[in-house]
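Only one structure is covered here, and it is reproduced in the block below.
The values are calculated or read from the model by the stated rules, or taken from the named source; none is laboratory data. Since the structure is predicted, the reported quantities are computational estimates derived from the model, not experimental observations. All Cβ positions, glycine included, derive from the backbone under ideal geometry; neighbour counts span all protein chains shown. We work out accessible area using only protein heavy atoms, side chains counted, and drop any ligands, DNA or RNA first. Shrake-Rupley method; radii C 1.70, N 1.55, O 1.52, S 1.80 Å.
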Amino acid sequence: FGEGKTTIGVFGHSDVVPVSEGWITTAPFDPIEKDGVLYGRGIEDNKAGVIAGLYLVKMISALNIPVKSKISCFIGAAEETGMQDIDRYVEEQKMPDVSLVPDGNFPVCYGEKGMCRFWAVSAKKLEKIKGFKGGSAFNVVLDDVTVSFDCDDDLYSEIEDKIKGEKDYTLKKDGNGFSLRVKGLSQHASQPEGSMNAAWMAAKLLKDLKGIGENDREVLKTAEYLLDGYYGEHCNISHTDSVFGKLTCTNGMVDITDGMLRYSYDIRCGTENDIDKMLENIKGTLEKFDCKFILHECEKGFLLPRGESRFLPVIEGVYREVSGISDAEGFVMSGGTYCRRLKNAFSIGTCAPYKNSKPEMPAGHGGAHQSDESITVDGLLEAIKLLTLMVVELDKTL
């Protein structure tokens with residue numbers, strides 16, 4: 001929009017993480033509005049950001065707000081799966097002079113952790129266990145796993161006794177055998193505190209059963225150890241950054257490939273962390289447990305020094321004035337957005353926190369990447385206003 005020599009970019013994405021089960025308010029792709037709250041998969045991450053960008057242009061046009069810069073709205077489709085979309089964009093297009101990415105939180109984020117993803121694969125093939133499957137994304141803590149077996153009455157009875165009175169474990173017979181379903185608690189991989197990994201729960205439960213056999217017990221004991229915790233202690237990579245805080249390390253997917261159990265990892269680490277040394281430590285640790293290391297992707301994070309950006313004070317100033325929160329200040333985060341591929345890029349929210357009064361929901365519901373993902377209408381409208389005013393003020397600095 002516009003014909004200016006300078007450009008302000010607004011970046012949103014239309015793709016979403018896989019659906020999760022246990023939705024209460026509606027089906028994941030049947031979005032609804034109820035008592036001022038919108039529910040649906042991607043309603044916050046990041047359809048709200050896409051809508052914010054479109055309404056920004058609509059308002060500036062309809063209200064004839066003067067801006068000398070061109071406004072470029074980008075709608076991506078691979079943000080959750082590697083950001084190949086933004087990579088292609090920066091190859092073919094000139095980057096905007098400054099960009100806002102409504103895919104984070106207010107008032108503004110000016111740094112993101114580095115991100116590494118890899119697979120650990122057992123060297124031994126499972127024998128008694130025929131299936132061990134769950135998850136479909138790196139960046140969501142695994143909360144649902146199904147372990148399957150051939151017919152074995154003794155093993156079935158042993159598991160049945162073990163899970164008696166436990167609501168998170170379900171045993172079910174079928175024509176070819178039986179399966180054990182384990183339900184954990186999901187969280188975004190960048191903020192795993194409070195989550196409960198279902199693969200770890202399954203391995204912990206099964207690793208000592210006599211009917212599993214020595215071979216499978218050994219594989220499961222390794223899995224239980226390596227999947228335990230949020231901070232990479234058992235992979236020998238724990239680290240605390242002076243700006244970004246603790247490194248996080250979570251599991252999002254598990255399956256059996258060619259008889260071998262494999263599980264994914266998603267790591268978020270601060271810019272002070274030595275990524276090459278971290279990868280060496282992971283590989284060395286896995287080798288000690290007779291596991292194979294397969295790197296999926298790895299990239300450093302970024303940090304824009306507060307005193308060196310002329311844009312950051314402008315963004316913070318708008319938020320302070322509109323919200324009335326005079327001490328609101330930018331922050332760094334563990335999530336990953338398009339900002340890490342752009343110059344002078346800052347992520348902001350899609351819902352103003354001071355207008356985000358949602359009803360209480362069970363743990364693991366209501367947030368981005370969770371069941372019953374939601375956002376308040378008032379909070380979204382306020383976020384669109386904030387975005388528009390930020391663009392208008394940034395235009396004055398260019």
**Request:** Quickly run through region 324-343 and pick out the residues that are part of a loop (DSSP other than H, G, I, E, B), out of contact with any strand residue (DSSP E or B) (no Cβ under 6 Å at 6 or more places or on another chain) and either under 23 Å from residue 76 (Cβ atoms) or of a type outside the set (Asp, Glu) (or both).
**Result:** 324, 325, 326, 328, 335, 343
**Asked** Does any residue of region 370-377 turn out to be on the phi > 0 side of the Ramachandran plot and in contact (Cβ under 8 Å) with a residue 60 or more places away in the chain?
**Response** yes
**Request:** Please find, among 135, 131, the residue that is of a type in the set (Gly, Ala, Ser), in contact with a strand residue (DSSP E or B) (Cβ under 8 Å, 6 or more places away or on another chain) and surrounded by fewer than 22 Cβ atoms within 10 Å (Cβ to Cβ).
**Result:** 131
**Request:** Starting from region 339-357, take each residue that is open to solvent by 60 Å² or more (accessible area, probe 1.4 Å) and list its partners that are at pLDDT below 95 and not charged (D, E, K, R), counting only C-beta distances under 9 angstrom and pairs at least six apart or across chains.
**Result:** 344/304; 344/309
**Message:** Please count how many residues of region 227-244 are assigned to a loop (DSSP other than H, G, I, E, B) and open to solvent by 30 Å² or more (accessible area, probe 1.4 Å).
**Reply:** 9
**Item:** Condition broken by residue 166, with the remaining ones in (1) open to solvent by 10 Å² or more (accessible area, probe 1.4 Å); (2) part of a helix (DSSP H, G or I); (3) under 29 Å from residue 370 (Cβ atoms) satisfied
**Value:** (2)
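Specify the residue that is nearest to residue 161 (Cα to Cα); the eligible residues are those in region 191-211 that are buried (at least 19 other Cβ atoms within 10 Å of the Cβ) and not aliphatic (A, V, I, L, M).
Filtering region 191-211 for residues buried (at least 19 other Cβ atoms within 10 Å of the Cβ) gives 191-192, 195-203, 205-206.
From what's left, not aliphatic (A, V, I, L, M): 191-192, 195, 197, 200.
Working: 191: 34, 192: 31, 195: 26, 197: 22, 200: 19 Å.
Among residues in region 191-211 that are buried (at least 19 other Cβ atoms within 10 Å of the Cβ) and not aliphatic (A, V, I, L, M), the one nearest to residue 161 (Cα to Cα) is 200.
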**Complete:** Scanning region 83-108 for residues that are within 15 Å of residue 72 (Cα to Cα), open to solvent by 30 Å² or more (accessible area, probe 1.4 Å) and of a type outside the set (Phe, Trp, Tyr) gives 90, 92, 93, 94, 95, 97
**Complete:** By residue number, the members of region 255-289 that are farther than 18 Å from residue 215 by Cβ, open to solvent by 10 Å² or more (accessible area, probe 1.4 Å) and charged (D, E, K, R) are 255, 272, 274, 276, 277, 280, 283, 287, 288
**Request:** Among residues belonging to region 31-60 that are at positive phi and crowded, with 18+ Cβ neighbours inside 10 Å, point out the one that is nearest to the chain's Cα centre (by Cα).
**Result:** 42
**Item:** Answer residue from region 296-307, given it is open to solvent by less than 80 Å² (accessible area, probe 1.4 Å) and within 19 Å of the chain's Cα centre (by Cα) and is farthest from residue 217 (Cα to Cα) among those
**Value:** 302
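Of a type in the set (Asp, Glu), within 23 Å of residue 369 (Cβ to Cβ) and out of contact with any helix residue (DSSP H, G or I) (no Cβ under 8 Å at 6 or more places or on another chain): does that describe residue 193?
For residue 193, the condition - of a type in the set (Asp, Glu), within 23 Å of residue 369 (Cβ to Cβ) and out of contact with any helix residue (DSSP H, G or I) (no Cβ under 8 Å at 6 or more places or on another chain) - is met.
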**Request:** Output yes when any residue across region 350-365 is outside any strand (DSSP E or B), within 20 Å of residue 67 (Cβ to Cβ) and out of contact with any Lys or Arg (no Cβ under 8 Å at 6 or more places or on another chain), and no when none is.
**Result:** no
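Select from region 245-292 the residues that are among the hydroxyl-bearing types (Ser, Thr, Tyr) and assigned to a loop (DSSP other than H, G, I, E, B) and list them in ascending order. Write out each step before concluding.
Pass one, region 245-292, residues among the hydroxyl-bearing types (Ser, Thr, Tyr): 248, 250, 257, 263-265, 271, 285.
271 - this is the single residue of region 245-292 that is among the hydroxyl-bearing types (Ser, Thr, Tyr) and assigned to a loop (DSSP other than H, G, I, E, B).
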**Asked** Of all residues in region 321-332 being open to solvent by less than 30 Å² (accessible area, probe 1.4 Å) and not hydroxyl-bearing (Ser, Thr, Tyr), which is nearest to the chain's Cα centre (by Cα)?
**Response** 330
**Item:** Test for residue 214: is it within 22 Å of residue 132 (Cα to Cα), more than 17 Å from the chain's Cα centre (by Cα) and surrounded by fewer than 14 Cβ atoms within 10 Å (Cβ to Cβ)
**Value:** yes
